[in-house]
1. To the nearest 0.05, what FRET efficiency results for C30 and A75 with a Förster distance of 41 Å applied to their C-beta separation?
2. Using a Förster distance of 41 angstrom, determine the FRET efficiency expected from the C-beta separation of R153 and Q235, and round it to 0.05.
3. Name the shape class, rounded, prolate or oblate, that the alpha-carbon gyration tensor gives for region 22-156, where a ≥ b ≥ c are the square roots of its eigenvalues, rounded holds for a/c under 1.5, and otherwise prolate holds if a/b is larger than b/c and oblate otherwise.
4. Which cysteines in the chain lack any other cysteine whose Cβ sits under 4.7 Å from their own Cβ?
5. Do the sum for the chain: with -39,500 (n - 2.57) for every DSSP H run of n ≥ 4, divided by all residues, what is the mean residue ellipticity at 222 nm, to the nearest 500 deg cm²/dmol?
6. With a ≥ b ≥ c taken as the square roots of the eigenvalues of the C-alpha gyration tensor of region 176-281, please select rounded if a/c is under 1.5 and otherwise prolate if a/b is larger than b/c or oblate if it is not?
7. For the chain, what is the convex hull volume of its Cα atoms per residue in Å³?
8. Rounded to whole Hz and in sequence order, give me ³J(HN,Hα) for region 253-261 from the Karplus expression 6.51 cos²θ - 1.76 cosθ + 1.60, θ = phi - 60°, writing x for Gly and Pro.
Amino acid sequence: MSERIDVSIEHKHAPQEDGARPHPNTCPRCGSHYRDDELAAHLNVCPHCGHHFPVHAHERIRQLTDEGSFVEEAAELRSDDPLGFYDLRPYTERLAEAELSTGLGEAMVIGRAAIEEEPCQLALMEFGFMGGSMGRVVGEKFARACESAAERRVPLVSVTTTGGARMQEGILSLMQLPKTVCAVEDLHDAGGTLISVMAHPTTAGVLASFASLGDVIVAEPAALLSFTGPRVVQQTTREKLPDDFGLAESNLRHGHVDAIVPRSELRPTVARLLRLFADGR
């Protein structure tokens with residue numbers, strides 16, 4: 001008889017068997033309930049146990065940047081359907097649905113901003129847009145963010161939350177890995193800086209490309225930062241994994257990230273890094 005593998009790490013917060021889905025403002029770790037304004041007042045972090053709820057890209061911009069300082073760039077870019085992809089639904093239909101549900105044209109928002117009066121370039125991902133997957137437009141937006149940061153001689157701050165490459169674009173999405181890696185290399189060649197902030201989850205192709213190339217890499221607490229999720233790894237290796245496999249704390253212990261920064265400390269931490277790397281130094 002084959003040995004049963006415990007895969008509870010990915011399912012410990014799954015919906016109950018009766019199919020009832022918890023309210024989005026219910027903490028999956030401690031079960032506390034919050035009104036929208038209560039959660040927003042704590043930056044979408046549970047004040048009882050510290051669980052970090054996901055935040056929309058626009059909310060992340062409000063939390064991180066000086067009021068009124070963000071100016072979006074390349075907002076007009078939209079994905080097309082290069083492969084005529086169709087699974088259960090056409091890819092174009094999924095894109096339209098993602099745009100309606102998130103209010104964004106793609107899974108990445110880029111633009112110029114200031115954090116504690118320190119100028120920077122931003123590239124933020126939105127998981128709600130098709131799982132924050134990286135297709136051709138996300139790769140192009142990130143490359144443009146690198147170019148803008150180099151031209152303006154300001155650091156680039158990226159915030160990632162993604163499931164990886166976008167399968168509906170096939171090999172074209174995988175080509176964004178070397179494209180974004182080369183964009184970071186060009187930024188570095190120009191004397192620029194990349195500050196990488198990894199939120200939950202940052203996985204697969206994005207983790208394997210630009211997200212891991214920051215001059216400084218910080219992560220939010222308990223964020224999953226792994227090329228492949230623990231359930232798949234356990235089923236493949238048939239080995240019991242540590243409880244914190246792939247989490248930010250494990251990555252810090254193994255030197256893959258430089259610091260774990262709670263959301264309440266993220267803005268002053270990034271501002272301090274911007275001051276350290278001012279003028280491309």
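Quick note: the coordinates plus some simple rules give every number you see, no bench work behind them. These figures come from a predicted structure and were not determined experimentally. Note that we place each Cβ from the backbone using ideal geometry, even for glycine, and neighbour counts take in every protein chain shown.
1. Working: r = 38 Å, r/R0 = 0.93.
Calculated transfer efficiency: 0.60.
2. That pair, R153 with Q235, gives E of 0.30.
3. It is oblate, given that a/c is not under 1.5 and a/b is not larger than b/c.
4. C120, C146, C182
5. -9500 deg cm²/dmol
6. oblate
7. Working: hull volume 43.1 nm³, N = 281.
Per-residue hull volume (Cα only) is 153 Å³.
8. For region 253-261, the Karplus-derived couplings read 4, 9, x, 7, 10, 8, 6, 9, 10 Hz, x marking Gly and Pro.
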